[in-house]
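K.L.:
Quick one: the structure is below, and I'll ask about it shortly.
Where a number appears in this text, it was derived from the coordinates with a stated rule and is not lab data. Only a predicted model underlies this, so the values are computations on that prediction, with no experimental measurement involved. Here the Cβ positions follow ideal geometry from the backbone for every residue, glycine too, while neighbour counts run over all protein chains shown.
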Amino acid sequence: MLCEKCGKNQATSYIETIINGDKKVYHLCASCAQEVMGKDFFTSPFSLGGFLSGMLGDGPAISQGSTLQGRSAVKCPLCGSTLDDIRKAGRAGCASCYETFFDTFSAAAKRIHGSASHTGRRPSRIEISPKRRIKELEKQLSEAVVAQEYEKAATIRDEIRALKGEEGQK
């Protein structure tokens with residue numbers, strides 16, 4: 001099959017795009033695919049470290065006004081890793097790195113997952129922190145009020161008050 005863009009070379013790349021639910025498939029030769037996707041996309045094989053470094057600001061996903069500028073000089077107090085070291089390795093040096101570079105990691109998590117905090121299912125054996133439980137209950141409370149389920153809302157309100165009372169005692 002010939003390249004759909006230039007019509008001269010043999011198509012070696014298959015590129016599929018989905019934009020607003022509209023799916024398009026392109027069969028392109030290597031040079032046209034490189035032109036369409038950008039030179040950096042094809043320079044090295046995919047690696048998790050490369051993907052993470054792109055998400056942490058080494059790639060085009062970060063704009064000039066990003067919070068990452070100036071963060072490269074900051075070092076983790078425990079292991080001495082810098083943000084550049086973490087980008088190159090594709091992983092944090094130690095647990096303290098997550099605290100030191102929290103704003104960077106949370107921004108990357110938000111770009112990848114749409115949220116900086118976990119919103120999915122969790123194992124039943126893991127307890128939810130009182131603050132998080134209160135936040136979930138407040139969301140349920142507002143949903144119950146909108147749905148005009150006032151008895152359910154009152155029960156949730158009482159549970160929130162109880163949790164806030166426990167939290168104040170700690």
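K.L.:
Quickly rank 152-165, 124-137, 96-109 as a protection proxy: mean count of other C-beta atoms within 10 Å, highest first.
P.N.:
96-109, 152-165, 124-137
K.L.:
Sticking with this one: First check a/c for segment 1-43, with a ≥ b ≥ c the square roots of the eigenvalues of its C-alpha gyration tensor; if it is under 1.5, answer rounded, and if not, answer prolate when a/b is larger than b/c or oblate otherwise.
P.N.:
Here segment 1-43 falls in the oblate category.
K.L.:
For K152, which lysines qualify as cross-link partners when the Cα separation must be under 17 Å and same-chain residues fewer than eight apart are set aside?
P.N.:
Candidates past the 8-residue exclusion: K135, K139.
K.L.:
In the P(r) worked out for segment 130-169, what percent of Cα pairs fall beyond 15 Å?
P.N.:
34 percent
K.L.:
Hey, another quick one. Could the peptides 81-91, 1-11 be put in order, highest first, of the mean number of other beta-carbon atoms found within 10 Å of their residues?
P.N.:
On the way: 81-91: 17.5, 1-11: 13.5.
Per-residue mean Cβ counts within 10 Å order the peptides as 81-91, 1-11.
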